[in-house]
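Have a look at the structure below, then the notes.
The values are calculated or read from the model by the stated rules, or taken from the named source; none is laboratory data. Everything numeric here is computed off the predicted structure, so don't read it as measured data. No Cβ is skipped: glycine too gets one built from the backbone with ideal geometry, and neighbour counts run over all protein chains shown.
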């Protein structure tokens, strides 16, 4: 029954494999009463962005740029379509349980994934945050289900978390789907490439845009001078001088005569303890010496 429905939607010979992801998608669509149909064409670029903003008018301003960035890359389809991996998809690249929500719900969910994967996410510039959300959206943060490392963080994310952005960018591009989009197949043992038919060419700019954002951020960080705070060292055995309170030269002279430096009190207090007649005599003596 379902196979017939899917054949009607996608055409004879195009029935997708009912793997775990596609089963989740279909079940969520049915549970939410979303029609299983493919009557409208997929939109791309600015057309897709305009259509999403027409259908969803309650997008918070703080998510507007993120939404436009993802929609511009993923496209928009009000009905169902098969993506390049044979996954049943709707709206803005939504599969599985995400088909039950709006494009904004999907953006928020994938941003949460990026936040969990990058401890300093909130400190990154918008360009890097957008790149990480896009990576999360496409499933490029953890290894996929067919990998022996399924569910583990991809190597480039570890490099990014360590602040090695240039290395993270290089590692991010060392991806089989990126190479296939350029018509290349990499031998992972020898590192050699062979030419193949191009698959999903649109992924080239998507991967490279992310890598560019990472490299630019790394350059930006490298250009910021490191603040080195030097702590002045005091010479051994010499006690610090007390605040003189901007004493006059004659008061300094009087203070030194009476050992003010060793008194442990501010010099001004030492000077004020001297009787006036003695101070007047010393002042006269000072004037005679200096010619004032």
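Remarks
- Looking only at segment 128-154, residues that are within 8 Å of the chain's Cα centre (by Cα) and farther than 26 Å from residue 90 by Cβ come to 1 in all.
- Among the residues listed as 163, 122, the single one being loosely packed, with under 15 Cβ neighbours inside 10 Å, at positive phi, free of Cβ contacts under 8 Å to residues at least 60 places away in the same chain and within 22 Å of the chain's Cα centre (by Cα): 163
- Residues satisfying the stated conditions in segment 138-170, i.e. part of a loop (DSSP other than H, G, I, E, B) and in contact with a helix residue (DSSP H, G or I) (Cβ under 9 Å, 6 or more places away or on another chain): 140, 141, 145, 154, 162, 163, 164
- Matching residues, segment 177-196, being exposed (fewer than 13 other Cβ atoms within 10 Å of the Cβ) and either within 20 Å of residue 210 (Cβ to Cβ) or out of contact with any helix residue (DSSP H, G or I) (no Cβ under 9 Å at 6 or more places or on another chain) (or both): 187, 189, 190, 191, 192, 194, 195
- Selection over segment 167-176 of residues that are closer than 12 Å to residue 208 by Cα and surrounded by fewer than 19 Cβ atoms within 10 Å (Cβ to Cβ) gives a count of 4.
- Any hit, segment 103-115, residues being touching a strand residue (DSSP E or B) at 6+ places or on another chain (Cβ under 9 Å), in a strand (DSSP E or B) and farther than 25 Å from residue 204 by Cβ: no
- Helices (runs of 4 or more DSSP H) completely within segment 1-57 that count 1 or more residues being modelled with pLDDT of 90 or more, under 38 Å from the mean Cα position of the chain (by Cα) and surrounded by 12 or more Cβ atoms within 10 Å (Cβ to Cβ): 20-31, 45-55
- Among the residues of segment 187-227, those that are touching a residue at least 12 places away in the same chain (Cβ under 8 Å) and not in a helix (DSSP H, G or I) comprise 193, 195, 196, 197, 198, 199, 200, 201, 202.
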